[in-house]
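The next block holds one structure in the form of structure tokens; read it before the comments.
The values are calculated or read from the model by the stated rules, or taken from the named source; none is laboratory data. All of these numbers come straight from a predicted model, not from anything done at the bench. Neighbour counts run over all protein chains shown; Cβ positions are idealised from the backbone, glycine included. Heads up: the accessible areas ignore ligands, DNA and RNA and are worked out on the full protein's heavy atoms, side chains in. Shrake-Rupley method; radii C 1.70, N 1.55, O 1.52, S 1.80 Å.
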Amino acid sequence: MGKLVRTSTPLLFQSKLLCSSLSYLFLSLFFAFYTSLSPTTKCHFRSSPFDPIQSPLFIYPQSYGQHKHPIPTIKSSCNSPVFFSDYSFVLDEIRRVIENSSSDSNGLRYVQGNENGEKFGMNYTTQTRLSYYDYHDDGIEIPCGFLKKFPISDYDRIAMESCNGVVVVSAIFGNHDKIRQPQGLGFNTLDHVCFYMFVDNVTIKQLYFHNLLSRKTKENRIGVWRIVEVSSEELYENPAMNGVIPKYLVHRLFPNSKYSIWVDAKMQLVVDPLLLLHSLVIMEDVDMAISKHPLYVHTMEEAMATARWKKWWDVDSLKIQIETYCENGLQPWSSKKHPYTSDVPDSAIILRKHGVRNNLFSCLLFNELEAFNPRDQLAFAFVRDQMNPKMKINMFDVEVFEHMASEYRHSIKRGPDVIQSIRTKRANPGLPANGGIRTKCDKYLEKMWDE
């Protein structure tokens, strides 16, 4: 008879399936731990966990806003993390930079209008707009809107002119978004940063309805944001075009500010604005910091997406705009455009150092948006590449963008006063087809496809 052999191996390890499962678990835990420590996989922002952070400054009533949760980010890691200096060091450094800045850092002269003008901008012809791209400090006046008075109260205007350091700007027109409070602010940030939110009468009615504002006070404030009412009926019919004014002409609304951050109302900052400016603008020695688009590199890609997803109703005007740019020198992105790493930004957050180059770029871009449409990504590369002097731009990775702010969907319920969507106007025939009608962008497309 055979002899029963007893083994000393524990019963736990006699199952091959169980052993394999445990090995997989331990390896997974090890790699997860290793990944968490790797400096090239996460966008680390704070160099110190002891930086002073303020607690939330405002609590909204439950009735305000439809979307409670941010949109999930595309990626949870990045290949080029941004490192921030300690908050106290950044605060002292920005104080020093602002104090040493010239009182006349603008350097540009602007075409002047009058308070009783009929239009805010002129909507110049293509050749007239292009004539201002090659700038020399020879006293030429640059067209830059403001041919009529920007319709806000004098009380707000005086306050805006007194903001002489850093300003964070946002806008809601047509009650299209919810006012969101920035997170992660240092204890001294509000002493050195102005926060301004521009709204129209449709939006401010909703703020009164939810008891977020009082009609008894002259200065309107919600949390960190000072609310400035704009009489938008005196500007443009399109609310998006009215939003372009504080987005790109911030240097004219706040003539004494040295730095600015534009934040789309759908975004919520989760990093202190002083840390952002210091790391992305000051340390990089650039005029502007802006994220690359997560999907597109070429202007034509953005133009096709704008038409495909009906981001602008007049497709024929999109065709005319892009052909105008192709005819006047627009090229697809390639490595020859370095240090510019893309032709398409995500302009939901823009960090700026106010000065000649940045202010000129903003004026030229505003003129293009007024001439065609408020889709600023379409004109971005054309203005950047054609203007002189050249802009110094830090186009950071989209993963960094996703770690510095949370994105929310626009409001769905807008109320009866909001302008309804306009039916899309199809483009006339003329784009390249199988038979091949030639267009002014054929060479652009050939180069883009070759790339």
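Out of everything in the range 237-283 that is of a type in the set (D, E, K, R) and within 15 Å of the chain's Cα centre (by Cα), what residue ends up being nearest to residue 178 (Cα to Cα)? Looking at residues that are of a type in the set (D, E, K, R) and within 15 Å of the chain's Cα centre (by Cα), I get 266.
Being farther than 25 Å from residue 159 by Cα and either out of contact with any Ser or Thr (no Cβ under 8 Å at 6 or more places or on another chain) or not small (Gly, Ala, Ser) (or both) is true of residue 237. Given the conditions (1) on the phi > 0 side of the Ramachandran plot; (2) polar (S, T, N, Q); (3) at pLDDT 95 or above, which single one is not true for residue 242? Evaluating residue 242 over (1) on the phi > 0 side of the Ramachandran plot; (2) polar (S, T, N, Q); (3) at pLDDT 95 or above leaves (1) as the failure. Listed by first and then second residue, the pairs linking a residue in the range 211-223 that is under 21 Å from residue 190 (Cα atoms) to a residue that is open to solvent by 80 Å² or more (accessible area, probe 1.4 Å) and of a type outside the set (Asp, Glu), with Cβ atoms under 7 Å apart and 6 or more places separating them unless they lie on different chains, are 218/155; 223/57.
Do the conditions hold for residue 174, that is, is it over 24 Å from residue 372 (Cα atoms) and not acidic (Asp, Glu)? Here the answer is no, as residue 174 does not meet what is asked. On the stretch given as the range 120-151, residues that are out of contact with any helix residue (DSSP H, G or I) (no Cβ under 8 Å at 6 or more places or on another chain) and under 28 Å from residue 218 (Cα atoms) total 2.
Taken over the range 37-87, residues that are at pLDDT 70 or above, in a helix (DSSP H, G or I) and hydrophobic (A, V, I, L, M, F, W, C) amount to 0. Selection over the range 324-345 of residues that are closer than 19 Å to residue 365 by Cβ and either of a type in the set (Phe, Trp, Tyr) or out of contact with any strand residue (DSSP E or B) (no Cβ under 6 Å at 6 or more places or on another chain) (or both) gives a count of 13.
In the range 196-210, the count of residues that are open to solvent by 50 Å² or more (accessible area, probe 1.4 Å) and part of a loop (DSSP other than H, G, I, E, B) is zero.
Residue-wise test of (1) over 26 Å from the mean Cα position of the chain (by Cα); (2) of a type in the set (Ser, Thr, Tyr); (3) modelled with pLDDT of 95 or more; (4) surrounded by 13 or more Cβ atoms within 10 Å (Cβ to Cβ).
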| residue | (1), (2), (3), (4) |
| --- | --- |
| 110 | no, yes, yes, yes |
| 119 | yes, no, no, yes |
| 122 | no, no, no, yes |
| 132 | no, yes, yes, yes |
| 135 | no, yes, yes, yes |
| 142 | no, no, yes, yes |
| 151 | no, no, yes, yes |
| 154 | yes, no, yes, no |
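Checking the structure you have, find out if any residue of the range 356-373 is at pLDDT 95 or above and surrounded by fewer than 17 Cβ atoms within 10 Å (Cβ to Cβ). Yes, some residue in the range 356-373 is at pLDDT 95 or above and surrounded by fewer than 17 Cβ atoms within 10 Å (Cβ to Cβ). Among residues of the range 232-243 that are within 15 Å of residue 368 (Cα to Cα), those with a beta-carbon under 8 Å from a residue that is of a type in the set (A, V, I, L, M, F, W, C) and in a helix (DSSP H, G or I) at least six positions away or on a different chain give the pairs 241/369.
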